[in-house]
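Here is the structure we will look at, set down as structure tokens.
The values are calculated or read from the model by the stated rules, or taken from the named source; none is laboratory data. Here the structure is a predicted model, which is why all the values come from computation and not from measurement. Here Cβ is always computed from backbone atoms with ideal geometry, including for glycine, and neighbour counts include all displayed protein chains. Ligands, DNA and RNA are stripped out before the accessible areas are found, and what is left, the full protein with its side chains, is counted by its heavy atoms. Shrake-Rupley method; radii C 1.70, N 1.55, O 1.52, S 1.80 Å.
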Amino acid sequence: MVRAATPPRSRILLAAKELFFSQGFARVSTDDLAQAASVSKATLYRHFEGLNGVLRAVVEAEVECFEQGVPTDVETEEEFVEVLISFGSKLLRFLNQPEIIRFSQLMFEEARSHHDLARDFYSCAYGRTQDDLSRLIQKGVDLGYLKSEHSASDLAEQLLGLLEGFGFVRALLGLTSQPFENPEEKSRSCVRILLHGHAGSPNLLDRTFIPARKP
């Protein structure tokens, strides 16, 4: 149960997350949500235009949790590389969470019959993450740490593709409960691949990557 002392908007989001996870988006009504959040329907509509707006806010809240603590300040090439690795490892740890896997499964299930919902989910989750990484990569390009004929957005999409690979697909299909066994090592490997083709300095890889430790 959602605590009555919690502000109404927060109660709505907490209740919505629980209901969406347990029942699926299509099976939740505004009456169900208002009752679970201990608010009136008038209060619900005062904070959100409808269930799509509630879901969008739930997704945005999850992404904001990921964004907290992601470093963005860099002054050297070495710091830039470490920030990229940190971004990737934090993303993979985020995607390792069972509730994030379940939520993504739910969104893909609902996307077939709710195209507006699918568009909102992509924009709030994948699109926002790509934008965050694009800004970081653009900073590296501006400072000369990266050189490429491709846009920062394209490079961000390439790196995100390397990071997720088939690991998250296996999790969505229920073939594994933990898509990424070692997020930091996975991220380090993916960033190295990106830099191999786009490093601004010829010896950047030698200066920022040490040989992997033997098990």
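Would you mind working out the magnitude of the charge dipole of segment 1-71 relative to its Cα centre, with +1 at each Lys and Arg C-beta and -1 at each Asp and Glu C-beta, to the nearest 20 Debye?
For segment 1-71, the charge dipole is close to 260 debye.
Pairing the Cα long axis of helix 98-111 with the longest principal axis of the chain, what angle in degrees results, from 0 to 90 and rounded to the nearest 10?
On a 0 to 90 degree scale, this one is about 70.
Among the lysines, which fall within straight-line cross-link reach of K41, defined as a Cα-Cα distance under 28 Å, with same-chain neighbours fewer than 8 residues apart omitted?
Within the straight-line cut-off, K41 pairs with K17.
If you fit an axis through the alpha-carbon atoms of helix 77-95 and take the longest principal axis of the Cα set of the chain, what angle between them do you get, 0 to 90°, nearest 10?
With both axes taken from Cα atoms, the answer is about 30 degrees.
What are the GluC sites (Glu not before Pro) within segment 92-181 that DSSP puts in a loop, where the Cβ has at most 16 other Cβ atoms within 10 Å? Could you put the intermediate results ahead of the total?
Numbers: sites: E99, E109, E110, E149, E157, E164, E181; in loops: E149, E181.
Counting only loop positions with at most 16 other Cβ atoms within 10 Å, the GluC sites (Glu not before Pro) in segment 92-181 are E149, E181.
Within segment 119-174, list the trypsin sites (Lys or Arg not before Pro) lying in a DSSP loop whose Cβ has at most 16 other Cβ atoms in a 10 Å radius.
Details: sites: R119, R128, R135, K139, K147, R170; in loops: K147.
Listed in order of number, the matching sites are K147.
Can you list the trypsin sites (Lys or Arg not before Pro) in segment 30-115 that are in a DSSP coil and have 11 or fewer other beta carbons within 10 angstrom?
R112
What FRET efficiency, computed as 1/(1 + (r/R0)^6) with R0 = 35 Å and r the Cβ-Cβ distance, is obtained for E82 and V169, rounded to the nearest 0.05? Mind showing how you got there, number by number?
Values: r = 28 Å, r/R0 = 0.80.
Here the calculated transfer efficiency is 0.80.
Using the alpha-carbon atoms, what tilt in degrees (0 to 90, nearest 10) does helix 152-164 show relative to the longest principal axis of the chain?
So the helix axis and the longest Cα principal axis differ by about 80 degrees.
Considering only protein heavy atoms and a probe of 1.4 Å, how much of the accessible area of segment 50-122 is carbon and sulfur, as a whole percent?
For segment 50-122, the apolar C and S fraction of the accessible surface comes to 50 percent.
Which entry is the computed mean projected area of the Cα convex hull in nm² for this structure: (i) 15.9; (ii) 11.7; (iii) 14.2?
It is the one labelled (iii).
Could you give the nm distance between label points at E75 and Y122, where each point is 7 Å from its Cα heading toward the beta carbon?
Placing both labels 7 Å beyond Cα along the Cβ direction yields 4.1 nm.
On average, how much accessible surface per residue is there in segment 62-215, in Å², for a 1.4 Å probe, leaving out ligands, DNA and RNA?
Ligands and nucleic acids excluded, the figure is 56 Å² per residue.
If you take the square roots of the eigenvalues of the alpha-carbon gyration tensor of segment 101-203 and sort them as a ≥ b ≥ c, do you get rounded (a/c under 1.5), prolate (a/b over b/c) or oblate? Walk me through the numbers on the way to the answer.
Values: a/c = 3.36, a/b = 1.60, b/c = 2.09.
Since a/c reaches 1.5 but b/c is at least a/b, the shape of segment 101-203 is classed as oblate.
Once R0 is set to 25 Å, what does the formula 1/(1 + (r/R0)^6) return for the Cβ-Cβ distance between S113 and F21, expressed as a FRET efficiency to the nearest 0.05? Please report the intermediate quantities before stating the final value.
On the way: r = 18 Å, r/R0 = 0.73.
The formula returns an efficiency of 0.85 here.
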